[in-house]
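Accompanying notes for the structure given below.
The values are calculated or read from the model by the stated rules, or taken from the named source; none is laboratory data. Fair warning: this is a prediction, and the values are worked out from it, not measured in the lab. Because the Cβ atoms are built from the backbone with ideal geometry, glycine has one as well, and the counts that use them run over all protein chains shown.
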Amino acid sequence: MKVIIPGKPNQTEEGKFLSLCHEQITWQPVGVAIGVFMVFRLPRPKSHYGTGKNAGKLKDSAPQYHTQRPNIDNLEKFVADYMTGVAWVDDCQIVKCVTQKEWTDGPGETEIEIFEYF
């Protein structure tokens, strides 16, 4: 089961996040052990790109990894809390979580993949 929420995860208001989850989640909350993969794609700031004839081109000095705020654990907690009652009964059911945050050249989004854990 996969859910993709457009928008920057740290700036998406809770109501909008929940609404977008409800649109994509067609199953009833599951009450079993689950694993979750989360990918938070955050848009690069304009300072990562060149200007003038290099406009739109990534600077050599632009960082490869997203090593600034928001913290990855805060992003995980946001998803775990706000998807409780929507995708799972309680976030204590999550027995495995693999999470990454990365830069994107496009608009931000959050991708969440949920699977029953055996």
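Looking only at the range 58-101, residues that are basic (Lys, Arg), touching a Gly at 6+ places or on another chain (Cβ under 9 Å) and touching a residue at least 24 places away in the same chain (Cβ under 8 Å) come to 1 in all. Applying the criterion of being of a type in the set (S, T, N, Q) and surrounded by 10 or more Cβ atoms within 10 Å (Cβ to Cβ) to the residues of the range 17-46, the residue that is modelled with the highest pLDDT is 24.
From the list 95, 89, the lone residue that is of a type in the set (A, V, I, L, M), modelled with pLDDT of 90 or more, more than 13 Å from the chain's Cα centre (by Cα) and surrounded by 13 or more Cβ atoms within 10 Å (Cβ to Cβ) is 89. When the range 14-37 is filtered for residues that are over 24 Å from residue 102 (Cβ atoms) and assigned to a loop (DSSP other than H, G, I, E, B), the ones remaining, listed by number, are 26, 27, 28, 29, 31, 32, 33. For the range 1-16, what are the residues that are modelled with pLDDT under 70 and basic (Lys, Arg)? Correct list: 8 only.
Before we move on, is residue 113 surrounded by 14 or more Cβ atoms within 10 Å (Cβ to Cβ), in contact with a Phe, Trp or Tyr (Cβ under 7 Å, 6 or more places away or on another chain) and acidic (Asp, Glu)? Yes. Checked against the criterion of being touching a His at 6+ places or on another chain (Cβ under 7 Å) and among the β-branched types (Val, Ile, Thr), the range 69-86 has at least one qualifying residue. Tallying residues that are farther than 25 Å from residue 92 by Cα and in contact with a Phe, Trp or Tyr (Cβ under 6 Å, 6 or more places away or on another chain) within the range 19-55 yields 1.
Every residue in the range 70-85 that is surrounded by fewer than 17 Cβ atoms within 10 Å (Cβ to Cβ) and assigned to a loop (DSSP other than H, G, I, E, B), please.
Of everything in the range 70-85, those that are surrounded by fewer than 17 Cβ atoms within 10 Å (Cβ to Cβ) and assigned to a loop (DSSP other than H, G, I, E, B) turn out to be 70, 71, 85.
Looking only at the range 48-57, residues that are surrounded by 10 or more Cβ atoms within 10 Å (Cβ to Cβ), without any contact (Cβ under 8 Å) to a residue 40 or more places away in the chain and outside any loop (DSSP other than H, G, I, E, B) come to 3 in all. Quick one: is residue 40 assigned to a strand (DSSP E or B), aromatic (Phe, Trp, Tyr) and in contact with a Gly (Cβ under 6 Å, 6 or more places away or on another chain)? Considered against the rule, which asks whether it is assigned to a strand (DSSP E or B), aromatic (Phe, Trp, Tyr) and in contact with a Gly (Cβ under 6 Å, 6 or more places away or on another chain), residue 40 comes out as no.
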